[in-house]
Amino acid sequence: MLFKKNKKEDVTNFWVSYADLMAGLLFVFILLIGAIVTKSIILKNNLQNSENSVEKTKSALQLKSDEIQELKAMLFQKNTQLSSFSNKIVVLQSIINDANASLLEKEKNLDDYKGKVLVLSNELNEKKQAVKLKDKELLKLLNTLGDKETRYDRLVAQMQKTKIKIKNLTGIRIKVISELKKILGKKIKINPKNGSLRFSSNILFDTGKAKLKNSAKAQLKKVFIEYVGALMNNKSIKDNINKIIIEGHTDSDGTFLYNLELSQKRAYEVMNYLLSLNFVKKNHIKHLMIASGRSYLDTIKDANGKEDKQASRRIEIKFSLKNQNAMKEIERILDEK
């Protein structure tokens with residue numbers, strides 16, 4: 001009975017031990033599972049961190065790749081520039097070589113020039129010696145010339161004074177014309193260059209005729225008396241008057257001889273009328289008056305240089321001065337350079 005009890009107890013103890021064993025195993029299994037889960041979580045976290053690190057590494061690598069591409073592009077550009085620079089260096093080297101060759105040629109020429117300069121220097125020294133001797137002779141001549149220049153300067157000064165005096169004398173025509181303008185004023189228009197009066201032939205004569213129109217005589221008389229009166233009543237002018245000239249002029253239509261005869265007859269006709277005036281007799285100017293026909297030698301030109309035929313057909317009354325030809329010659333000589 002006791003045996004049975006022990007056997008039952010053994011069985012009980014067995015199951016108790018078995019239960020404890022299983023409990024222990026279960027606990028170990030649980031611990032193992034916990035460790036595995038923990039390890040798995042840790043590994044998963046590590047794996048996630050690794051993946052993140054890998055992604056970061058990839059991004060960094062991508063950036064590095066882009067930088068590498070940029071560096072490659074820059075390197076290609078630099079290589080291109082370097083190639084261009086190399087070409088330029090080759091060209092420059094060629095230019096330098098040419099310049100060196102030219103320099104060598106110039107140095108050679110310079111050596112030749114130095115030799116020539118040396119020869120010229122020797123010749124120059126010889127000439128300097130000759131010049132020194134001539135300088136002494138020149139100094140003597142200069143001293144002599146100095147005295148002559150002083151006398152020459154005096155002569156030039158005297159000549160200048162004489163020239164001014166002669167110029168004043170030869171300017172008498174300008175003075176006479178200026179005085180005439182003042183006296184006549186705007187009443188009678190005269191030629192500003194020679195101081196002459198001008199009458200249109202159409203007013204004085206019929207076409208192709210040499211007989212003075214009666215209708216023109218009064219005006220001719222009035223203007224002539226005022227003009228000649230201005231000459232004769234001013235002593236500074238009268239003393240220089242040589243002749244009072246009546247000139248006939250035509251246009252270029254017809255022959256020269258025909259126009260010469262017509263202009264001469266018209267000039268005589270006007271002078272004959274003027275000689276009949278009491279004014280001429282009273283002032284004793286008959287001996288001063290002359291008539292001259294000029295044909296078409298002195299035609300009048302318009303602004304375009306063409307003959308103004310109506311203006312060319314005219315009678316001019318003018319004056320000449322004493323010694324006029326001599327004064328013109330003196331003016332020409334004085335104005336020569």
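The values are calculated or read from the model by the stated rules, or taken from the named source; none is laboratory data. In this text, all values refer to a predicted model and were calculated from it rather than measured experimentally. Ideal geometry is used to build each Cβ from the backbone, glycine not excepted, and the neighbour counts take in all protein chains shown.
Observations on the structure shown:
- Yes/no for Asn194 being in contact with a strand residue (DSSP E or B) (Cβ under 9 Å, 6 or more places away or on another chain), part of a loop (DSSP other than H, G, I, E, B) and at pLDDT below 95: yes
- Residue in the range 232-247 that is touching a residue at least 60 places away in the same chain (Cβ under 8 Å) and assigned to a helix (DSSP H, G or I) present: yes
- Any hit, the range 209-222, residues being in a loop (DSSP other than H, G, I, E, B), buried (at least 16 other Cβ atoms within 10 Å of the Cβ) and touching a residue at least 24 places away in the same chain (Cβ under 8 Å): yes
- The condition of being in contact with a Ser or Thr (Cβ under 6 Å, 6 or more places away or on another chain) and acidic (Asp, Glu) holds for only one of Asp251, Asp298, that being Asp251.
- Every listed requirement among (1) at pLDDT 95 or above; (2) at negative phi; (3) not in a strand (DSSP E or B) is met by Ser295 save one, (2).
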